[in-house]
Amino acid sequence: MSYYKLCAISSATGILRNCRRTARDGEKPTTPYVRRLRLTTCYGFKIKDGCLQLPYHPREAIRIPLTPHVQATIRKHTVRSITLTKDKLSLTYTKQVAEIKPDGFIGIDRNLNNVTLAAADGTIVKHDLSDATRVKATYRQVRSRMRRNDVRIRREITSKYGWKQQEKVKQILHHASKLIVQQAKRQQFGIVMEQLTGIRRMYRRGNGQGLRYRGRMNSWSYAELQRQIEYKAAWEGLPLLYVHPRETSAKCSMCGSRMARIPEENRLLHCPSCRVSVDRDVNAARNILARGVRFAPVALPVEAMVQEPSAGDPESRWKRVNELKPHDPTS
Ligand SMILES: [Zn+2]
């Protein structure tokens, strides 16, 4: 069917684009080729009598039976496109989501071993991610033990372990992102995260790993967690904001003073003016939350302190909030 050619063209374009990007990054460009046979199409297929019907001739179609679970899942939605490989069939479906007007926000701080949530109602939740760190460490060891001289074989094994590791870490992150979005939905809160710049985290902890490796692995898993939260939140209609990461872990979330480290308690920070000690992850999550609330395009109760007489249309309000310069704790 001629409409399948569109799929081939767009796949080829994608492969070519990746290939050019590799060449631009200075790596040796290889001849682009198709690794796996695949058909993605939004034309021609039909879902009827519990089967996917895929035409291969004007009047003939192959029929692929769908499991009851798949049928139940897509019943309420519109299937937009399908992807068929040698052993897998994926259906992409869409749903109309009404954007939730949030009653507040949840600030999210992602660390090496946990992700910490600070919600507008004061709730603090920590999700443990140390399993992900452990997976990374195990595979790192496996890789470092390899003593094969053949560069090609070594590269192949490394990439195989790299892939397995990513899959395992992904699963752990999926569990956390699911719980985070469930909480936000339950509380009817929007989500605030740090805009990843790739610099802050990279230089943060000296734990003996190579800088390059640590940076790449961490920024990958930070970005992956954000990606998951982003699409899961969008699916539920929850608004999501990104804020600048500067000094979210260095300043007191209550008064804005610079925090002091407590030498024997490395997870705790002390604020000299509030005279309290607070968990550093909790402090960072609260800072992210506060920053998000300040820049939120919707008027929230907390924002009353920056309210001006003319609360006109939402557009101008957004601008006004945006114009506010960095937070002055005395105002
Ligand atoms: Zn303070």
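The values are calculated or read from the model by the stated rules, or taken from the named source; none is laboratory data. Quick caveat: nothing in here was measured; it's all calculated off a predicted structure. So basically every Cβ, Gly included, is an ideal-geometry build from the backbone, and we count neighbours across all protein chains shown. Quick note on the areas: whole protein, heavy atoms, side chains included, nothing else; ligands and nucleic acids left out. Shrake-Rupley method; radii C 1.70, N 1.55, O 1.52, S 1.80 Å.
Reported count of residues in region 263-274, each being part of a strand (DSSP E or B) and within 14 Å of the ligand (Cβ to nearest atom), is 4. For region 19-69, the tally of residues that are open to solvent by less than 100 Å² (accessible area, probe 1.4 Å), at pLDDT 85 or above and hydroxyl-bearing (Ser, Thr, Tyr) stands at 3.
Here region 253-262 is the region considered, the condition is being open to solvent by less than 100 Å² (accessible area, probe 1.4 Å) and assigned to a strand (DSSP E or B), and the residue that is farthest from the ligand (Cβ to nearest atom) is Ile262.
For region 275-289, the tally of residues that are closer than 14 Å to Ser257 by Cβ and either in a loop (DSSP other than H, G, I, E, B) or open to solvent by less than 40 Å² (accessible area, probe 1.4 Å) (or both) stands at 4. Against the numbered list (1) surrounded by 15 or more Cβ atoms within 10 Å (Cβ to Cβ); (2) at pLDDT below 90, Lys232 comes up short only at (2).
Taking the condition assigned to a loop (DSSP other than H, G, I, E, B) and either at pLDDT below 95 or of a type outside the set (Asp, Glu) (or both), does Arg200 pass? Yes; evaluated as a whole, the condition is true for this residue.
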